[in-house]
Structures are given as structure tokens and as C-alpha cells.
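Here is the structure we will look at.
The values are calculated or read from the model by the stated rules, or taken from the named source; none is laboratory data. Predicted model, so just to flag it, every value in this text is computed and none were measured. Note that we place each Cβ from the backbone using ideal geometry, even for glycine, and neighbour counts take in every protein chain shown.
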Amino acid sequence: MELSEHIKTANVEDVTLRRPFHPALRGTLCVTSHHLLFSDRKDEASWQLLILLKNIDAIEKRAVGSSGTITIKCKDLLVLQLEIPGMEECLNIASSIEALSSLESVTEMYPFFYRPSHLTLNGPWGLSSTEQYYKQTERLWDRWRVSTLNSDYSVCPSYPSAVIMPREVDDDKLIRSARFRQGGRFPVLSYCHHRNGMVIMRSSQPLTGANKKRCKEDELLLQAVIDGSELGYIIDLRSAQQAQQARMTGGGFESKSFYSHWKRIHRHHERGKVVQESLIKLVEACSDPSHSVDRWLSKLENSKWLSHVHSALSTAGLVVECVERDGHSVLVHGSEGTDNTLLVSSLAQLILDPASRTVTGFLCLLEREWIQAGHPFQQRCAHSAYSHARLKQECPIFLLLLDCVWQVWRQFPLALEFSEALLLRLAQEVYASNYGTFLCNSEQERCAAGVKENTHCLFQSLLRPDIEEQYLNPLYEPTDLAIWPSVHPQSLQLWTGLFLRWTEYAQNMEEAREEVWSIVKEHHEQAGPDRTNNTLSTHCDTLTPFENLMDELTIL
Amino acid sequence: MEHIRMPKVEHVRLVDRSSSRRTQVGTLYLTATHTIFVGKGSEDRNDLWVLHSLVCNVVKHKASQSGYPLLIICKNFQVIRFIIPQESDCHDVYISLSRLSRPEKYEELYCFSFNPNVDKAEREHSWDFLDLKAEYSRMGLPNKLWHVNPINREYRVCDTYPADLFVPKSVTLPVIVGSSKFRSRGRFPTLSYYCKENHATICRSSQPLSGFSARCLEDEQMLQAIMKSNPGSRFMYVVDTRPKLNAMANRAAGKGYENEDNYCNIKFQFIGIENIHVMRNSQQKLIEVSALHSPSMGEFLTGLENSDWLRHIKSIMEAGLFISKAVAEEGVSVLVHCSDGWDRTAQVCSVASVLLDPYYRTLKGLMVLIEKDWVSFGHMFSHRCGHLIGEAKEVSPVIDQFLECVWQLMEQFPCAFEYNEKFLISIHIHIYSCHYGNFICNSQKERKDLCIKEKAHSVWLHLWEKKLDFMNPLFKPDQSQNQGLLRPSTAPYCFKYWRRLYNRFDRELHPRQSELDCLMTVKEETQKLEEELALYEGVKLNFSKSGVLDSKQALWSLPLDTSLANTPQDYIGGAPNVFTLQQGERESAELCLFGDQTKSSDADNSDQESGVADFSSHSSGEESLPSEDSVKDPDSDETGPNRA
């Protein structure tokens, strides 16, 4: 079935559009295969609203006399209302939106049709590959190697074709270890500390089962990871009880007797449906400003969203303590190793590694730890907070990551090169995008669908200088130190920029952001026209500003 | 001095609230005005000075292994924990401090002994810094409709009101006297704020003594005159800030509220702000929540909700918004009262003024506003803040709530205020500390009788001189949306917990880098560069461009406390079973006690813990592996407290 066959009514005139905090507009509504287009054809300055159909999470129709009203709830949390004259047109539009907003086939999705004139498909896709990352990371060369045993994705379908492994462990052992891990996700290198060489590994749970099976090769692999040092930590993202219970269904945990140099720490993390429901509850609480403060607070509490933020940041902090302060390597896993595992390992890197706090570094981190590492974006982000569809495998773990990063930025407003705007953009793109970056569930699927050949890469486009500028933090001041976030409930806040994005609250914040930029720009102008670069990458440790000024005066 | 039973105790331990590992040993001194703790081997800057007048409570705890704990709870929400080795010393300190922190007479307060080494002229100058007459003339008063009536010059009509009061010119003395007799404590309707643009006013009073049916012609004439002094309007609002039930209950005691039938052209409205007792209990609960030791997210939010604090803040804000809209948008005058007209009335009038008039969003404007609506109109600071030992039931955080409303507005309008939250917190401290004379006593008359201006100093000039610390770099006075009426959202999610006030002393809770400080520095640098540039041009020195740039880049680097960034947080998550990585390290950490200062570059602010990390093995106690499982699974490497 052609996409256009879903469209029974393509154009409706005299439609009224209502958006929060804007006057109602009349104009023409138009449905295409991938977009909803509204334009008010008023004289010379016509205003248009273009919404990707994939961005639409839920629609509600209501009949009012002979006309109908459609409420459109987007995955970026915007809610719109369209008043459509003519009931039939209204129903046609609604059914087109319903059909076209939930396309299943990847190659029918908009990124495969998005062809802007300023981009070509011939360039490299993505920012980096495992091999390139390895080449650029000199500290890995000594003890680690790139293994291509997964080049046909047969060992682990959700891993990329190349992974970084200890030199002394050969591919045969890896294959056996993979068989011992859920989904074949054997322990692979996620990060190697930029000073002490300790590593963060990630994997899925071992398949010990009720009979406490063991796997010599898996043990050897982990032994090789710590390379003779006394101790490593396994951060298991389930409670001890859950880990025990997992044995009944074939999963399990690394037992002390077989992994004698590894110490296991359990931290309970909610997953899957629970987190998705948290998001639904939170968004619901935010979209009803009428109730009292008490009801708001209990709804906020009841959503548990901030509790998830709290656990993610605390466990990431724990990982960093192990690696940075105590100089031990860490293996992180939960069950599948595709969700919370990635959340914790990437947050730990943000806290730990100054390189991941730049725009490029952060996007590379996302590419490595989420896209290449096989976070099933398509399943997790099929629906967002408004959908009435039955939940399948939706889970806003990536949104949770962005929220945690936002919390870190609130606490260290100078430490990240990027601004909240980048996080908001990513929060939008992950659910509906012109780009192919967040399509599919794994590299294997992306290869099969030809994503790299037929779509544009979001990260590359974000890094174009004219685009990147809007995502920079004007106050960026790099620091080499780990940035330890506070995880006290008093220190964690609702991410108003995202969850209250379409309220009057956001407008005043926008004004403040502009003022920050203008203060900084004014400083640049004073400091001289040569400094066009907006990033403030001069970190001067030795001279205090005052001393420096004194020097200058003596020269005079 | 006679109250000090023990002027000095050695080997006292000062325990950090968040981490018992960060303990400091030193000597405790009691002076007539302060408790001083001097850390052993540390520099002066680590001394801890606590004003006795800031102490809210002193509590002895049960003896522990290391000694006798003594808690000093301060009115600025600081809690100081000492452990004193000897029981008798602890008791003596406790008895002395209990007495010192509960002065019985005004004369004992610190402001009477505080002598900042300035002469008489300077002291008088500090009192002249704010001039309410100038403030009224800024509003456009007196004018042809309003004037100062000298009737209360001797405080005979109302001893809790200021001497100078604005009333409509058309009102005669008998009307004022009659109206005052019909109002609680003689607090007749008088002007608080005048809007030059449309002549609408905010007036304030106490409740009328209406009982079930009483009426007073003079009082009715008074309101009529107020309404008529706003020529454009056909009615006025009378806002009773109490819950309707409370107001009705007052009728049985011969008090009550205005009957719309008796007064011409008034619209009467209840607003429902709770009384001082409810507010006191609410804040108490809030303080308990803020002091929880690593609570879970759920515990914190539930506690915050159960305190009801933010609900009360919202109701005050809504009242202020209602009044400011009536004045600015409808051009209608408003009379505000509660019971006595010095608590809720002061809150609501001043919140409305902040919303209405951008001047009150400047440093000096806020000072004037507090001086006018609170100090001069007889907010009972000494009772409400517990300056003297007395009725605990009179204590209530009424002014705290006003400051918090301003803070909530600052959060919503980051560019609308000239001052920052440090300013609000400084004012808060000074209200409670009795360091300056401004907030002593309960009325202008009492202050006059005590000759405060001759004996003590005024805080406002002191704060003004420190104004650089209090500036908001984002302030944009010329922006149109910051000029007229502020229209805050009162959606519940706009009311936030004020961490900086309630957890001010828990350093690890706050952002490690300050956006505002950074911006302030940038702004100052810009200004400096401008001046420099002018200087260069003046000297016409041929200066190599690159040289200039280098220096400017260096200027950019900020006085950041980066050492703080390197402080790991407590990732324990409230778990009881904490284990330490290596026993040896833990011991060494206990020896070095107050952080590893030698390692840190900036000992002053360093928070750095020594190389010990605590983890919990579980996110919460219930998650821990049941012991029977441990038995079944002997290879489990769960680390319970017994193995630590």
C-alpha cells in the first residue's frame, strides 16, 4: 500500500489552529505522507506550521455540530487543537494521521525521503567508528585490541561489527563468553580512564541459571580486564533479590567463587514499563496547572520520575568513584544490557571525562554508547507520554539520560560545552526526526535497511558550524576534574525546559538565556573582534585575573 | 557576662551534618555575644562564630562514645553539632548558652553592644539612608487627594501605626477617630501604595469590630472617601486575607468583616491565607524535611507536600496578584486587612507592590518596601522572630514568607530583579540576628521609646555598601515585560523549594559552579575592559594587539572554585549498610578528620574528602539479599554491615 493511499482528504480550508499561548489562527490544513502542514494564507507574511506525522503521539477527535475538533498531542509534548469544518473531512484527516504516524517499516519513514539541498548522501555517516575511536585513543593500544568477530553480527546481533577487547583474550574465548551472556552481549570496553587506565566495561547478565552454570572463558575475559590488579567492581543494576530471581529464568549474576577478584554491588533500577509509566504520569501532572500545590507535589512524587533520575545519577557517581577515586575497573550490567547499562556507563563518562563534555565529545559518546551499542531506539521510542496505545517495549531511558545530563549542567553550569538547547533538540529528534540516526534498534538493522546510504546523519548536521553555535553554552569553561553531581533530593529539580516547555514559564527562561548570551557577546566585543569563537576555551590556572592586570599596568 | 559559666572548652569536636567523617577538633569559647569555635591547627578563616541572638534552640543529646553532643539550632537554619568530652562542660555550655540565647530585655540584644567603630554622624547617616517621605513623594504623594494627617504624631490614635499616615484629604479628624475605634487595635484604613498612573491605591487596616450587626458610620465614610479618592473608579475592593471561616469566627468576639450592605460600592472578597500558627507549624515541618539525612526522592517530596509550605506561599502570591491586577488592570483601589493588619496584610500589600512597581525590584526599592510595609506599619518583628524570650505562640515566619514570595518571583522572572537571592538571604539573617536596630521591637513607637536610632545602627546602609554582592547580572530594567505589572504564573509547578535558604549550610547540596557569579564577573570584566580601552586610547600607546588579547583571555578565567568540582558526593542513598573499600584507608581518614587540606589547592573552600569512598551495597535496605539466601548461596559476595 502506497503511503498516499492513506490520505483521503489532503486539503482542508478554514481550519482553526489553537496553540498554547498564541492567538487562534485560521488557515489551510494539508496532510502529506509524512507531514501535517498548516498555513495561514494571510497576505504577504504567511505563517506555517510543519509537523512530522511521526511526532504525533495521540489524537483525539470530538464532534461539535457539523464540524469536528482534533486534538493533536505530540511526542515533544506540544498539544495542538484543530477545528475542522465538515465532519467527514475531520474524520478523514484523523484517520490519515493515525495511519501515517505509526508506520512500522523503517524505509517508509521520513528520513529516507529527506533530501535537503545543502546536504549530500555521499559523505561519511556518523562521527566515528569503533576502529577510529581505538586509533584516536592511544591509551588503549597497549592492552586492548579491536576485535571484528562480530562483523556479520552473528555473535551478538545487537553489538556493532567491531568491539574493543583485551589483547590477551582471543576471539574464540569471546564467542564462548557471548554464549554465556544474554543476547550475546559479552563484556566489552566502554571507557578507559584518561589518567589511570582503569576501564568501564558493559555487558548483559550472565546466563548462570538455576544450576549456577559457569563459563571459564567469561571468567578469563574478566580476569584479563583487571589484568592482575586485585579488584574490580561489578555494578549490577538490579537489586540482589531481582538478580537471584533472574536465575530462575536462566539469567543470573557473577558469583563470588568463580569471579574471585570481582566485587559485586547491587543497585536497584526501574526499567521498561515502569519508567514509561513514570513519564506518562509526570507529563500528565505537568499538563494540568489547575490543581493545588499539594496535588502537584504528590503527583510529581507519584510519577517517580525524579527517583529514576536520582538512581541513575547515584549509580553513575558510584561507578566514577570506583574508577576515578579508587582506581578499580568496573563492569556494569543489568539484564539485557541495552538500557540502564548504557544510561549508567554514559553518565559515568560525562562525570569523569572532560572530553565527553564538549559538543563533539558528547555526540560521540551518544553514538558510541547508544547508537552503536545497540539501544533499541525504535522499540523504546515508538510512543511517548500521550499515547493511548498499549505499551509494548516503550521506555524513555534516553530521555532519562538527557534529564540526568541536564541535572549535571544545572549543578555545573560552566562545565559542559553544550547548552540545554542541544538536550531539548535531542529529546525531540529521538522520537521524530528528519535524520536516520535514531532509526532501527541496532547496527545490524541499520545496515539491512540501508540507513547509512539513504539517510542523513543528525550528529554530523548538528556539528556544522552555523548549526552548532546555537547549542553552545556561552559560559563554557573546561575543567579537567570529575564533576561530581549532588544526588540529594534537594539538589534535583524538575527539568522545566522539557516538561514545561510549552507553558508561559518557558518564555521567561528564554529571555534569561538571551541575556546570558548578550552579556557574553558584549564581553567578546570588548575583548576584541579577533575572538569570534564563542567557546571560552581559555583556562588559566596559574594567573589570577587580578595579577594579570597588574602585569599589564607595569608594562604601561 | 554573668551568664557564662564556662568561657572555654578544649577538645571539642565540630561535626559536619552531612558526613561524620568531616569532623574538626578545636576549642569552644563563649563570649557575651558569640559562641566561637576555633579549629585546632586551622587558620582564622575556619573559625566559626555564632551570634547568640541567632540561636533558636540549644539541645543536649544522649551521650555517645566520643562525648556529649550539643546541638545549636540557629534561626538561619544552621544546625551546629558539637561533641564535648566532659559531661560537666557540656552541661555548663548548655546552661550558659540557653540563657545567652534567650535575652529577657531589649537591652541585652547584640545591636546595643555592636560598635562598628563609626562616629555619631555616620550612625545618623546610616539611619537617614532610607527616607519614607521620599518614598511617598516618589509615588506622587502628597497630592490634591491624599495628604499626611498629623493625627497619629503622638501615637495616640494607634500606637502600632507610624506617626505619619496618608489618608484622603476629604476625611475629617472625627471620621478617622471614629473609624479607628471601629477597627481592631485602632488600625484604621490608611494608604500603603499609590499608583500614580491611575490613582488607584492599596490601603490597609485591621478587621472592623462589626460583630454580627454593628456598623460605624465614620468607618463607612472612611471607605467611601478612599474610593472617591480614585476618581475614575466606581467601586473598591475590600480584601479580607483570612479564610472565611476564621473571619466568621471572629464575629462572635465582636470583630469580623465588612458587611457589603453597609458600605457603598465595595466588593468584598476573602482570600484564605492561614494564620500565624498554621504557618509556624508548616515551616517547622519544612525545616524537618530540609534536615532529613539523605532522604529518598519520595520521602523528600512527600515531606515537602505534607508541610503545606508551598501551598501557603501560593496563596499569598495569589492574593498579591489579585490586588496588583485590581490596581493595575482595573484601576480599582483595594483595602486589605486580616485580623490585626500586621501579618497577612503586610505580606499581601508588599507582594502586590513588588508585582506592581519595578522600583521594588531594585535593591533600594526592596529596602524601602520592607521599611514601609513592615517596619513602619508595626509588623511585630520581636514577637514574630522571637528576639526576646516570650510567647512561643507569637513566633511565626511571616516575613520569611514574604521574602520567599520575592524569591519565587525571581525564579520565574530571572531578568526582572536588580538583586539576587543572596540579598534576600542577607535580609533574612539580619531580621533575626539583632545585629542592627532596624527590626528590634514591635512598632515605631517602641523603637522611639527605646531610642534605637541613638543606640544602634541601621542595616540598610550596610547592605547598600555591599551591593556588588547582591546584584543580579541578568537584570534588564529596560525590557518592556519587566517594566509594568509582573504577571506570575501561579500554576503549582511554579512554586519551588528554596534550597539556598533552608539548606544554606549544606554545601554539598548546591551547584558547584554559579552561573550568576560567573556572569557578574564577566560583566565586571567587560566594564573594566571598556575603561582600559579608554585608557589605552588616552595614552595613545602603540600596543601590540596580540598582547592585549592574551591578557583578556586570561581575564576571562574566573575565580572558580574548581576544587569543589572534585568532591564526590554521597552516593550512599540512605542505605544503612555502608561499607568502606579498605579498612586501612578508613582509619587514616578518621585521623585526618577534617578533609585532606594539604592536598587541596584552596584550603579555604575545599571540601575534598580524603581518599575514601563509601558505597552502599544496595540502593535501599529492603533490597538487600535476605539472609536465608545468603546461606543458600555461600558464594554470594554481598557485603552487609557485619562484613564491613
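Output the number of residues of region B:499-513 satisfying the condition of being part of a loop (DSSP other than H, G, I, E, B) and touching a residue at least 12 places away in the same chain (Cβ under 8 Å). Write out each step before concluding.
Of all residues in region B:499-513, those part of a loop (DSSP other than H, G, I, E, B) come to B:503-506, B:510-513.
Right, trim to touching a residue at least 12 places away in the same chain (Cβ under 8 Å) and you get B:503-506, B:512-513.
Adding up the residues that qualify gives 6.
Which of the residues belonging to region B:487-541 are small (Gly, Ala, Ser) and more than 7 Å from every other protein chain (Cβ to nearest Cβ)?
B:Ser514, B:Ala534, B:Gly538
What helices (runs of 4 or more DSSP H) lie completely within region A:399-486 and have 1 or more residues being crowded, with 21+ Cβ neighbours inside 10 Å and small (Gly, Ala, Ser)?
So the answer is A:420-429.
Given B:Val118, B:Val58, which one is buried (at least 20 other Cβ atoms within 10 Å of the Cβ), in contact (Cβ under 8 Å) with a residue 40 or more places away in the chain, out of contact with any Lys or Arg (no Cβ under 8 Å at 6 or more places or on another chain) and on the phi < 0 side of the Ramachandran plot?
Selected residue: B:Val58, the only one of B:Val118, B:Val58 that is buried (at least 20 other Cβ atoms within 10 Å of the Cβ), in contact (Cβ under 8 Å) with a residue 40 or more places away in the chain, out of contact with any Lys or Arg (no Cβ under 8 Å at 6 or more places or on another chain) and on the phi < 0 side of the Ramachandran plot.
Only one of these is within 22 Å of A:Glu104 (Cβ to Cβ), more than 14 Å from chain B (Cβ to nearest Cβ) and within 14 Å of the chain's Cα centre (by Cα): A:Tyr431, A:Tyr386. Name it.
Selected residue: A:Tyr431, the only one of A:Tyr431, A:Tyr386 that is within 22 Å of A:Glu104 (Cβ to Cβ), more than 14 Å from chain B (Cβ to nearest Cβ) and within 14 Å of the chain's Cα centre (by Cα).
Condition first: more than 9 Å from chain B (Cβ to nearest Cβ), free of Cβ contacts under 8 Å to residues at least 60 places away in the same chain and outside any helix (DSSP H, G or I). Now tell me which residues in region A:261-284 satisfy that.
Hits for region A:261-284 are A:His261, A:Glu270.
Are any residues in region B:369-391 under 28 Å from B:Lys228 (Cβ atoms), touching an Asp or Glu at 6+ places or on another chain (Cβ under 9 Å) and not polar (S, T, N, Q), and if so, which ones?
Within region B:369-391, B:Leu369, B:Lys372, B:Gly378 meet the criteria.
With respect to B:Arg280, determine if the residue is over 26 Å from B:Val148 (Cα atoms), in a loop (DSSP other than H, G, I, E, B), in the same structural domain as B:Cys385 (by the TED database) and touching a residue at least 40 places away in the same chain (Cβ under 8 Å).
Values: over 26 Å from B:Val148 (Cα atoms): yes; in a loop (DSSP other than H, G, I, E, B): no; in the same structural domain as B:Cys385 (by the TED database): yes; touching a residue at least 40 places away in the same chain (Cβ under 8 Å): yes.
No, not satisfied.
Output yes when any residue across region A:481-489 is touching a residue at least 40 places away in the same chain (Cβ under 8 Å), under 27 Å from A:His194 (Cα atoms), in contact with an Asp or Glu (Cβ under 6 Å, 6 or more places away or on another chain) and within 11 Å of chain B (Cβ to nearest Cβ), and no when none is.
The answer is yes; a qualifying residue exists.
Do we find that A:Asp152 is assigned by the TED database to the domain that holds A:Leu221 and modelled with pLDDT under 90 in this structure?
Answer is no for this residue.
Out of the residues in region B:302-332 meeting the condition of being more than 8 Å from chain A (Cβ to nearest Cβ) and not in a helix (DSSP H, G or I), tell me which one is surrounded by the fewest Cβ atoms within 10 Å (Cβ to Cβ).
The qualifying residue surrounded by the fewest Cβ atoms within 10 Å (Cβ to Cβ) is B:Gly331.
Restrict the check to region A:247-258 and report whether at least one residue is in contact with a Lys or Arg (Cβ under 9 Å, 6 or more places away or on another chain) and assigned to a helix (DSSP H, G or I).
Yes, there is a match, as at least one residue in region A:247-258 is in contact with a Lys or Arg (Cβ under 9 Å, 6 or more places away or on another chain) and assigned to a helix (DSSP H, G or I).
Can you confirm whether B:Thr521 is of a type in the set (Ser, Thr, Tyr) and not assigned by the TED database to the domain that holds B:Ser324?
When the stated conditions are applied, B:Thr521 passes them.
Any residue that is under 26 Å from A:Gln490 (Cα atoms) and either aromatic (Phe, Trp, Tyr) or away from chain A (no Cβ under 14 Å) (or both) - is there at least one of those in region B:291-301? Before you say what the answer is, go through the steps one by one.
Residues of region B:291-301 under 26 Å from A:Gln490 (Cα atoms): B:291-301.
Applying the additional criterion that residues be either aromatic (Phe, Trp, Tyr) or away from chain A (no Cβ under 14 Å) (or both) yields B:300.
Checking region B:291-301: at least one residue is under 26 Å from A:Gln490 (Cα atoms) and either aromatic (Phe, Trp, Tyr) or away from chain A (no Cβ under 14 Å) (or both).
Please verify whether region B:240-249 includes one or more residues that are part of a helix (DSSP H, G or I), charged (D, E, K, R), touching a residue at least 40 places away in the same chain (Cβ under 8 Å) and surrounded by 17 or more Cβ atoms within 10 Å (Cβ to Cβ). Working first, answer last.
To start, the set of residues in region B:240-249 that are part of a helix (DSSP H, G or I) comprises B:244-249.
Applying the additional criterion that residues be charged (D, E, K, R) yields B:244.
Narrowing further to those that are touching a residue at least 40 places away in the same chain (Cβ under 8 Å): none.
Scanning region B:240-249 turns up no residue that is part of a helix (DSSP H, G or I), charged (D, E, K, R), touching a residue at least 40 places away in the same chain (Cβ under 8 Å) and surrounded by 17 or more Cβ atoms within 10 Å (Cβ to Cβ).
Quick test for you: out of A:Arg357, A:Arg325, A:Arg295, pick the one residue that is closer than 29 Å to A:Tyr505 by Cβ, facing chain B (nearest Cβ under 9 Å) and not aromatic (Phe, Trp, Tyr).
Among A:Arg357, A:Arg325, A:Arg295, only A:Arg295 is closer than 29 Å to A:Tyr505 by Cβ, facing chain B (nearest Cβ under 9 Å) and not aromatic (Phe, Trp, Tyr).
Answer yes or no as to whether B:Ser192 is of a type in the set (S, T, N, Q) and in contact with a Leu (Cβ under 9 Å, 6 or more places away or on another chain).
No, not satisfied.
Could you pull out every one of the strands (runs of 3 or more DSSP E) wholly within region A:70-188 that has 1 or more residues that are acidic (Asp, Glu)?
The strands (runs of 3 or more DSSP E) meeting that bar are A:79-84.
Exactly one of (1) free of Cβ contacts under 8 Å to residues at least 40 places away in the same chain; (2) under 28 Å from A:Gly183 (Cα atoms) is unmet by A:Thr437. Its number?
Condition (1) is where A:Thr437 drops out.
Regarding region B:160-178, can at least one residue be identified that is out of contact with any Leu (no Cβ under 6 Å at 6 or more places or on another chain), among the hydroxyl-bearing types (Ser, Thr, Tyr) and not in a loop (DSSP other than H, G, I, E, B)?
Taking every residue of region B:160-178 in turn, none turns out to be out of contact with any Leu (no Cβ under 6 Å at 6 or more places or on another chain), among the hydroxyl-bearing types (Ser, Thr, Tyr) and not in a loop (DSSP other than H, G, I, E, B).
Please work out if A:Leu363 is in contact (Cβ under 8 Å) with a residue 60 or more places away in the chain, assigned to a helix (DSSP H, G or I) and out of contact with any strand residue (DSSP E or B) (no Cβ under 9 Å at 6 or more places or on another chain).
no
Please go through region B:127-147 and give me each residue that is over 30 Å from B:Ala214 (Cβ atoms) and not in a helix (DSSP H, G or I), ordered by number. Walk me through how you get there before you give the answer.
We begin by selecting, within region B:127-147, every residue over 30 Å from B:Ala214 (Cβ atoms); these are B:127-144.
B:Phe129, B:Leu130, B:Asp131, B:Gly140, B:Leu141, B:Pro142, B:Asn143, B:Lys144 - these are the residues of region B:127-147 that are over 30 Å from B:Ala214 (Cβ atoms) and not in a helix (DSSP H, G or I).
Would you confirm, using the coordinates I've provided, whether B:Ala554 is modelled with pLDDT under 85 and more than 9 Å from chain A (Cβ to nearest Cβ)?
In short, no.
Those residues that are over 20 Å from A:Asn340 (Cβ atoms), buried (at least 20 other Cβ atoms within 10 Å of the Cβ) and either touching a residue at least 60 places away in the same chain (Cβ under 8 Å) or not assigned by the TED database to the domain that holds A:Leu365 (or both), I need them from region A:194-221; list them, please.
Hit for region A:194-221 is A:Met198, nothing else.
Take residues that are touching a Leu at 6+ places or on another chain (Cβ under 8 Å) and tell me which of the strands (runs of 3 or more DSSP E) falling wholly in region B:43-118 contain 2 or more.
By residue number, B:55-60, B:68-74, B:79-84.
How many residues does region A:103-137 contain that are more than 30 Å from A:Leu149 (Cβ to Cβ) and in contact with a strand residue (DSSP E or B) (Cβ under 9 Å, 6 or more places away or on another chain)?
1
For every residue, the table says whether it meets (1) of a type in the set (A, V, I, L, M); (2) surrounded by 19 or more Cβ atoms within 10 Å (Cβ to Cβ).
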{"position": "B:Cys195", "(1), (2)": "no, yes"}
{"position": "B:Ala200", "(1), (2)": "yes, yes"}
{"position": "B:Pro208", "(1), (2)": "no, yes"}
{"position": "B:Gly211", "(1), (2)": "no, no"}
{"position": "B:Ala214", "(1), (2)": "yes, no"}
{"position": "B:Met222", "(1), (2)": "yes, yes"}
{"position": "B:Gly232", "(1), (2)": "no, no"}
{"position": "B:Met236", "(1), (2)": "yes, yes"}
